[in-house]
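See below for the structure under consideration.
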Amino acid sequence: MEKIWTDGAMPWEYVTVEPDEQHFDCAAADRIVEQIKTKPDSVVGLSTGRTTGAMHRIVAERWRAEGFDARRTTFFGVDEVVGVPRDYSGACYTMLRTEILDAMGIEDDHFLMLPTESDDFLAACSHFTDELARRGGIDLLILGLGENGHLGFNQPGTPFDSRAWVTTMNVELEERIRRETATPTDKWLGGVTLGLRDIMHARRIVLVAKGKNKADIVLRMLRGPVMTDIPASVLQLHPCCEFLLDRDAASKLC
Ligand code: GLP
């Protein structure tokens, strides 16, 4: 593990750079495992995508090997795809179940997700955030990073004071999901997500990014101005956010 000086708004100790993907995945898994061990009734938020799959599987393996108590932990997903069945393999619910939660025997009463379909998303969003608050609020939130700087489904331009809401997804993701689910173009697909304000209320955040394709946006997120064009730049203002990177994602920082 290497600590680097970012020479920008962020104090150096908030950026951790791992030498390669394997160390990165283990370090990220460590953050989740340690949180559960330290406070078994934690509320832990997870993100889906290519960045997080391996770390989830490592958490499940460590749970199997070490047998720590995760029955009292509440897990939730930061966002969900709208307009697809929940059991579609690309729905965040199914990804999290497959990658980590089924293996750890976590039931749905300890796994909160925004719905993929609803007649009243507004009500579903407030129910979701109310339930997180009722369980004590978010202790740890693992966040992936979009190549355009999005967090969850909060695309560039999202106001920093947004609460959980339904919004659009990026074009590439939408095309892939349409292809995989054979969803016709006249059916709207989008995303439902915690808002940036909800995200900023987490007690502790770990932003995870790996790979060369994230190097430009990592640079803009950490060294650029805090602005809604780069939603992730708001994390510069969070009092307890670690930026966990592999060397490729950090390659433009020094
Ligand atoms: C997706 C998800 C985000 C995720 C991000 C990064 O669109 N909505 O929650 O963190 O993009 O994905 P990846 O890790 O595949 O780059």
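Given charges of +1 on the Cβ of Lys and Arg and -1 on the Cβ of Asp and Glu, with all other atoms neutral, how large is the dipole of segment 186-254 about its Cα centre, in debye to the nearest 20? Mind dumping the intermediate values first?
Working: 11 positive and 7 negative charges, 34 e Å.
The calculated dipole for segment 186-254 is roughly 160 debye.
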- Message: Can you tell me, using C-alpha contacts under 8 Å and at least 6 residues apart, the relative contact order of segment 133-187 as a whole percent?
- Response: 17
- Note on the structure: Rounded to the nearest Å, the spacing of the alpha-carbon centers of segment 160-214 and segment 141-159 is 7
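Taking a temperature of 10 °C and a viscosity of 1.306 mPa s, what whole-number D in µm²/s does Stokes-Einstein yield for the chain with Rh from Kirkwood over alpha carbon pairs? Kindly include the intermediate steps, with their values, before the conclusion.
Numbers: Rh = 18.3 Å.
For the chosen part, D equals 87 µm²/s.
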- Query: In terms of Cα to Cα distance under 16 Å, which lysines are near enough to Lys37, apart from those fewer than 8 places away along the same chain?
  - Reply: none
- Task: Report the label-to-label distance for Glu66 and Asp119 in nanometres (one decimal), using points 7 Å from each Cα along the Cα→Cβ vector.
- Result: 4.6
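Using a ≥ b ≥ c from the Cα gyration tensor of segment 1-143 (square roots of the eigenvalues), is it rounded, prolate or oblate, where a/c under 1.5 gives rounded and otherwise the larger of a/b and b/c decides, a/b for prolate? Please list the in-between numbers first.
Details: a/c = 1.63, a/b = 1.43, b/c = 1.14.
In terms of gyration-tensor shape, prolate.
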- Which of the peptides 204-210, 104-110 is most tightly packed, and how do the rest follow, judged by the mean count of other Cβ atoms within 10 Å per residue? 204-210, 104-110
- Suppose every K and R has +1 on its Cβ and every D and E has -1 on its Cβ; what is the size of the dipole of the chain about the Cα centre, in Debye to the nearest 20? 400
- Query: What full-extension length gain, to one decimal in nm, is calculated for Glu172 and Arg223 as 0.36 nm per residue of separation minus the Cα-Cα distance?
  - Reply: 15.7 nm
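Write down the percent of antiparallel bridges among all DSSP beta bridges whose residues are both part of the chain, to the nearest 5. Before the final figure, lay out each step's value.
On the way: 10 of 30 bridges.
That works out to approximately 35 percent antiparallel.
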- Query: Add -39500 (n - 2.57) for each DSSP H run of 4 or more in the chain, then divide by its residues: what number comes out at 222 nm, to the nearest 500 deg cm²/dmol?
  - Reply: -9000 deg cm²/dmol
- Item | Within segment 191-212, backbone nitrogen closer than 20 Å to the virtual label 7 Å beyond the Cα of Asp30 toward Cβ | 204-211
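Place the peptides 71-81, 143-153 in order of packing, highest mean first, counting for every residue the other Cβ atoms within 10 Å and averaging per peptide.
Working: 71-81: 21.5, 143-153: 23.5.
Highest to lowest by the protection proxy: 143-153, 71-81.
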- Message: What does the C-alpha gyration tensor say about the overall shape of segment 104-238? Classify as rounded when a/c is under 1.5, otherwise prolate if a/b is larger than b/c, or oblate.
- Response: oblate
- Cβ-Cβ cut-off under 14 Å around Gly152, Lys and Arg +1, Asp and Glu -1: the net charge is -1
- Item | Residue list for segment 80-112, given a label point 7 angstrom along the Cα-to-Cβ vector of Arg163 and an amide N cut-off under 19 Å | 80
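Every read-out reported here was derived from the displayed coordinates using simple, explicitly stated rules and does not represent laboratory data. In this text, all values refer to a predicted model and were calculated from it rather than measured experimentally. Counting neighbours? That spans all protein chains shown, and the Cβs are built from the backbone with ideal geometry, glycine included.
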